[in-house]
1. Looking at B:ALA139, is it touching a strand residue (DSSP E or B) at 6+ places or on another chain (Cβ under 8 Å), more than 14 Å from chain A (Cβ to nearest Cβ), within 24 Å of B:GLY69 (Cα to Cα) and surrounded by fewer than 16 Cβ atoms within 10 Å (Cβ to Cβ)?
2. Residues that are in contact (Cβ under 8 Å) with a residue 60 or more places away in the chain and hydroxyl-bearing (Ser, Thr, Tyr): list the helices (runs of 4 or more DSSP H) wholly contained in segment B:1-74 that include at least 1 such residues.
3. Working carefully through the options B:TYR176, B:TYR144, find the one that is under 25 Å from B:ASP17 (Cβ atoms), crowded, with 18+ Cβ neighbours inside 10 Å and of a type outside the set (D, E, K, R).
4. Considering each of B:ALA56, B:ALA100, B:ALA73 in turn, give the residue that is closer than 30 Å to B:VAL241 by Cβ and surrounded by fewer than 24 Cβ atoms within 10 Å (Cβ to Cβ).
5. Could you list all residues from segment A:50-80 that are within 14 Å of chain B (Cβ to nearest Cβ) and either over 22 Å from B:MET370 (Cβ atoms) or in a helix (DSSP H, G or I) (or both)?
6. Show me the strands (runs of 3 or more DSSP E) found entirely inside segment B:95-189 where at least 1 residues are out of contact with any Leu (no Cβ under 7 Å at 6 or more places or on another chain).
7. When you scan segment B:344-356, do you find a residue that is within 14 Å of chain A (Cβ to nearest Cβ) and among the hydrophobic types (A, V, I, L, M, F, W, C), even just one?
8. Given the conditions (1) more than 23 Å from B:ASP149 (Cβ to Cβ); (2) in contact with a Leu (Cβ under 9 Å, 6 or more places away or on another chain); (3) among the β-branched types (Val, Ile, Thr), and given that B:ILE7 satisfies all but one, which numbered condition is not satisfied?
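The values are calculated or read from the model by the stated rules, or taken from the named source; none is laboratory data. Being a predicted model, the structure only gives us computed values, none of them experimental. Here the Cβ positions follow ideal geometry from the backbone for every residue, glycine too, while neighbour counts run over all protein chains shown.
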Amino acid sequence: MTDQIRSILNDHGRLSVPVGELTLASNLYRAGLTSHASVNIMLALEAEFDVEFPDRMLRRSVFESIEAISEAIQELRAAD
Amino acid sequence: MSTPAAIMAAQNADDVDRQARFPSEFLAEAKRAKLLGAYVPTRFGGLGGSISDLSAMCAEFGESCAASGMIMAMHQIQVACLVHHGLGAPEICSYVAEIAERQLLIGSVTSEVGIGGDLRSSLCALEPAPMGYALVKDAPTISYGAQADDLLVTARRAPDAAAADQVAVVMRNGTYALEQTSSWDTVGMRGTCSPGFRMVAQVDSGYILPIPFADVASQTMVPVSHILWASTWLGIATAAVKRAHTFVREQARKNPGTVPPAASHLAEVWSELQTMRHSVRQTAAEYETSRCSPGGLQHLSTLAFSVRVNNLKLTASRQVVDIVNGCMMICGLAGYKNDSRFGLGRQLRDAYSAPLMVANDRIVAANASMLLVLKEEL
């Protein structure tokens with residue numbers, strides 16, 4: 001799953017750091033993720049994993065690292 | 001009943017506007033009433049007010065003098081950022097107490113030449129220096145920059161940090177120098193005295209807010225700004241509707257038995273004012289309730305709340321222009337004349353700042369983007 005997330009970050013994140021250099025816990029906002037780009041990341045994740053982030057999950061901390069994103073997607077899949 | 005500060009603001013409003021000067025008489029009276037510490041918690045020596053209290057205060061002052069109301073709003077926004085997000089730092093704790101004790105006025109330095117109005121991007125960065133950090137910021141506007149005691153400034157966290165990786169830092173008087181780079185001869189809101197400045201500062205690391213500015217912005221600076229700006233605009237609209245109401249009543253008394261034609265226009269602006277007042281109060285109350293509830297900050301960080309608060313700014317900034325314009329149509333030439341007691345020129349010019357102060361186009365674009373992922377039940 002983290003490979004797919006990395007690929008989405010690479011395509012839509014507009015990060016100032018190469019995605020390959022990010023660890024699972026690296027802070028994506030420190031790597032240059034903006035609010036605008038984060039919306040594109042959310043859209044791409046919803047399409048890729050066939051999930052919908054409910055409004056309570058649409059906040060900064062849920063998308064702050066690869067690990068956090070991966071946990072959020074697992075939570076949504078488990079609830080399905 | 002008007003408070004002494006509101007009376008002082010009203011007495012000087014026309015002169016402040018004409019000369020584009022700082023409303024110093026109003027501020028002195030506000031300090032006497034300890035209002036600059038209105039949002040400082042009582043345990044730090046402040047008045048311990050709520051966001052709803054601040055909203056009512058900004059509406060009251062905005063009704064007397066929009067520039068005075070807006071200065072009060074902008075100051076309280078800075079205080080709210082420190083109270084909500086700074087108390088983890090000992091220096092900021094003592095500073096918050098000092099605001100209440102010494103009635104310090106805090107200005108805001110967020111905009112930057114080359115960035116424009118995007119609150120969430122900075123070019124300037126904290127540069128490591130022998131005594132903490134050095135910071136140089138070229139700001140296209142700093143409201144009451146020359147009159148403020150201290151400043152709250154945004155900058156990138158470090159020279160190699162991304163544009164959105166920002167911190168907020170308190171600049172104490174004496175640690176920065178301001179060189180004025182432009183003038184402030186505007187259509188309205190003239191008394192806010194907001195020219196451009198180039199700021200050169202030494203930053204004490206104890207005065208850096210301990211959490212990222214991204215959270216300060218989404219949880220406090222943006223929502224509290226929109227609520228308190230809208231409150232000040234509500235004050236402007238209220239002042240205009242009161243004049244139009246008096247005008248129509250006087251017309252009616254001259255000819256009892258017929259409803260003056262302008263009365264139906266008055267009924268329209270009256271209804272719009274009521275809608276505006278309800279949305280300001282409701283958003284202030286929602287903010288207060290969420291912030292004080294367990295996990296409330298999480299709620300304030302959601303896109304759903306951001307969209308709602310942005311909508312308050314969009315609608316209130318349009319309503320204030322529509323309402324004052326409607327009142328001008330009701331009062332006619334009496335409203336158009338500067339030396340008439342029904343004169344509405346100042347209110348009309350002040351109202352036009354509302355859609356521009358953070359351009360509505362930018363806010364609509366932000367909402368459009370957020371709505372792509374939002375699923376809020378309507």
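1. no
2. Working: elements: B:4-19, B:24-32, B:51-64.
Those helices (runs of 4 or more DSSP H) span B:24-32, B:51-64.
3. Within the list B:TYR176, B:TYR144, the selection yields B:TYR144.
4. Values: B:ALA100 fails: closer than 30 Å to B:VAL241 by Cβ; B:ALA73 fails: surrounded by fewer than 24 Cβ atoms within 10 Å (Cβ to Cβ).
Selected residue: B:ALA56, the only one of B:ALA56, B:ALA100, B:ALA73 that is closer than 30 Å to B:VAL241 by Cβ and surrounded by fewer than 24 Cβ atoms within 10 Å (Cβ to Cβ).
5. Passing the criteria: A:ASP55, A:ARG56, A:MET57, A:ARG60, A:SER61, A:VAL62, A:PHE63, A:ALA68, A:ILE69, A:ALA72, A:LEU76.
6. Working: elements: B:106-109, B:127-129, B:132-139, B:150-156, B:166-171, B:176-180.
In segment B:95-189, the matching strands (runs of 3 or more DSSP E) lie at B:127-129, B:132-139, B:150-156, B:166-171, B:176-180.
7. no
8. It fails just one condition, (2).
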